[in-house]
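To keep things clear, I will list the structure first and then write my remarks on it.
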Amino acid sequence: MTEIDTSIPHSARIWNYWLGGRDNYPVDWAAGDAYTAVFPGIVTIARSSRAFLGRSIRYLVTEAGVRQFLDVGTGLPTVDNTHEVAQRSAPESKIVYVDNDPLVLAHARALLTSTPQGVTAYEDLSLYEPDKILEAASRTLDLTRPTALILSGVLGHVADHDQARDLVRRLLAGLPSGSYLSLNEGSRGTDPAYEHAQDAYNETGAVPYFLRPVDQIAAFFEGLDLVAPGIVSVPLWHPEPGDEEARPIGQHGGLGRKP
């Protein structure tokens with residue numbers, strides 16, 4: 001197992017810290033707190049992204065009848081992971097997680113469990129290997145049946161937008177009609193303070209994450225039928241009862257169905 005360096009902050013652990021998870025260290029707290037000192041809203045961004053993921057999965061299970069999920073760029077396990085949300089409503093759901101971060105791998109196999117009726121698998125592969133991802137996923141999922149592709153906050157690590165779109169297209173090409181894409185990403189055009197903080201973070205030499213204009217996020221759904229209300233700031237996508245005061249933030253996403 002790869003030794004984990006706890007002397008250098010790690011983006012997955014910082015995100016985990018903002019989500020209230022436990023797989024982080026003092027060096028990550030310091031980096032996370034330094035970011036929140038510039039932009040306190042990052043905690044809202046992180047938790048709203050996670051909440052959107054949960055709501056979209058519940059929709060897929062209860063409204064669309066999906067029972068298979070391919071979650072690429074999983075990140076560190078925390079509360080309400082994809083399999084937990086899906087199997088809570090449909091215990092027979094099958095989930096394949098994909099990530100190639102040794103830190104995530106070290107935690108994933110211990111934490112990503114399954115109901116007896118369902119299946120959860122983890123594949124150590126890169127987002128840049130869509131063909132290998134589909135091949136590996138087919139060992140657990142029946143890719144002749146509708147499958148939900150989950151891309152939650154991962155495409156911002158791909159600097160070139162055309163390359164990111166191509167990766168999404170290639171993954172969706174391996175899934176049948178009736179499959180779905182659930183995607184949300186950090187966005188530009190809503191919160192200048194977030195944009196300033198993220199641009200400054202990217203200049204520190206840390207692994208960068210690029211915010212994109214909303215029209216570029218919408219382009220990932222090309223050829224898909226969008227579920228209403230379309231591509232919106234994530235708090236506004238199917239808000240839960242009691243979320244009447246949900247306000248737009250710099251995180252946009254949606255759900256689309258492959259015809």
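Assign one of three labels to region 22-77, namely rounded, prolate or oblate, based on the Cα gyration tensor with a ≥ b ≥ c the square roots of its eigenvalues; rounded applies when a/c is under 1.5, prolate when it is not and a/b is larger than b/c, and oblate otherwise.
Prolate.
With the other protein chains left in place, how much accessible area per residue, in square angstrom, belongs to region 1-72 at a 1.4 angstrom probe?
About 47 Å² of surface per residue is accessible.
Give me the dipole magnitude in Debye, nearest 20, for region 45-184 about the Cα centre, with unit charges on the beta carbon: positive for Lys and Arg, negative for Asp and Glu.
The calculation lands at about 440 debye.
With a 10 Å radius around each residue's Cβ, average the other Cβ atoms per peptide and rank 28-35, 96-103, 119-126, highest first.
Per-residue Cβ counts within 10 Å, averaged per peptide and sorted highest first, yield 96-103, 119-126, 28-35.
Roughly how many debye, to the nearest 20, is the charge dipole of region 1-86 about its Cα centre, given +1 on each Lys and Arg Cβ, -1 on each Asp and Glu Cβ, and no other charges?
About 340 debye.
Shape call for region 117-250 from the C-alpha gyration tensor, a ≥ b ≥ c root eigenvalues: rounded (a/c under 1.5), prolate (a/b greater than b/c) or oblate?
oblate
Please report, to one decimal in angstroms, the Kirkwood hydrodynamic radius of the chain built from all distinct Cα-Cα pairs.
18.5 Å is the Kirkwood radius here.
As a test of the definition: which semi-axes, in Å, follow for region 111-177 when you take the square root of five times each eigenvalue of its alpha carbon gyration tensor? Largest first, please.
23, 15, 10
In terms of modelled amide H atoms, which long-range or inter-chain residues lie less than 5 Å from the amide H of TYR122?
Amide H neighbours of TYR122, under 5 Å, 5+ apart: TYR97.
Read phi for every residue in region 140-150 and hand back ³J(HN,Hα) as whole Hz from Karplus 6.51 cos²θ - 1.76 cosθ + 1.60, θ = phi - 60°, with x for Gly and Pro.
Result, ordered by residue: 10, 9, 8, 7, 8, 10, x, 9, 9, 8, 10 Hz.
Amide H neighbours of GLN251 under 5 Å, counting only residues 5+ apart in sequence or on other chains, H built in-plane at 1.01 Å?
Correct list: SER187, VAL234.
With θ set to phi - 60° and the Karplus curve 6.51 cos²θ - 1.76 cosθ + 1.60, what are the ³J(HN,Hα) couplings of region 118-129 in order, to the nearest whole Hz, using x for Gly and Pro?
Going residue by residue, I get x, 9, 10, 10, 10, 10, 8, 9, 8, 3, 7, 10 Hz, with x marking Gly and Pro.
Counting only protein heavy atoms, what percent of the accessible surface of region 1-51 is carbon or sulfur at a 1.4 Å probe?
Ligands and nucleic acids excluded, carbon and sulfur reach 58 percent.
What percentage of the solvent-accessible surface of region 123-259, computed with a 1.4 Å probe over protein heavy atoms, is contributed by carbon and sulfur atoms?
51 percent
How big is the dipole moment of region 112-181 about its Cα centre under a simple scheme where the beta carbon of each Lys and Arg is +1, that of each Asp and Glu is -1, and everything else is neutral? Debye, nearest 20, please.
It comes to approximately 240 debye.
Could you provide, to the nearest whole Å², the per residue accessible area of region 130-246 with probe 1.4 Å?
Here the per-residue accessible area is 46 Å².
Taking every DSSP beta bridge that has both residues in the chain, what percent is antiparallel when rounded to the nearest 5?
The antiparallel fraction comes to roughly 35 percent.
Name the residue from HIS161, LEU125, THR115 whose Cα lies farthest towards the positive end of the charge dipole of region 79-238, charges +1 on Cβ of Lys and Arg and -1 on Cβ of Asp and Glu.
Farthest towards the positive pole: THR115.
Using all alpha carbons of region 151-202, what is the percent of pairwise distances in each 10 Å bin, ordered from the shortest bin to the longest?
Per 10 Å bin, starting at 0, the Cα pair percentages come out as 20, 45, 25, 10, 1.
For region 187-203, just list the computed ³J(HN,Hα) in residue order, Karplus coefficients 6.51, -1.76 and 1.60, θ = phi - 60°, integers in Hz, with x standing in for Gly and Pro.
Working through the residues one at a time gives 10, 9, x, 10, 9, x, 5, 5, 4, 4, 5, 5, 4, 5, 4, 4, 7 Hz.
The values are calculated or read from the model by the stated rules, or taken from the named source; none is laboratory data. Quantities reported herein were computed from a predicted structural model and do not represent experimental measurements. As a convention, Cβ positions derive from the backbone with ideal geometry for all residues, glycine included, and neighbour counts pool all protein chains shown. Each accessible area value is taken on the protein alone, full model and side chains, heavy atoms only, with ligands, DNA and RNA left out. Shrake-Rupley method; radii C 1.70, N 1.55, O 1.52, S 1.80 Å.
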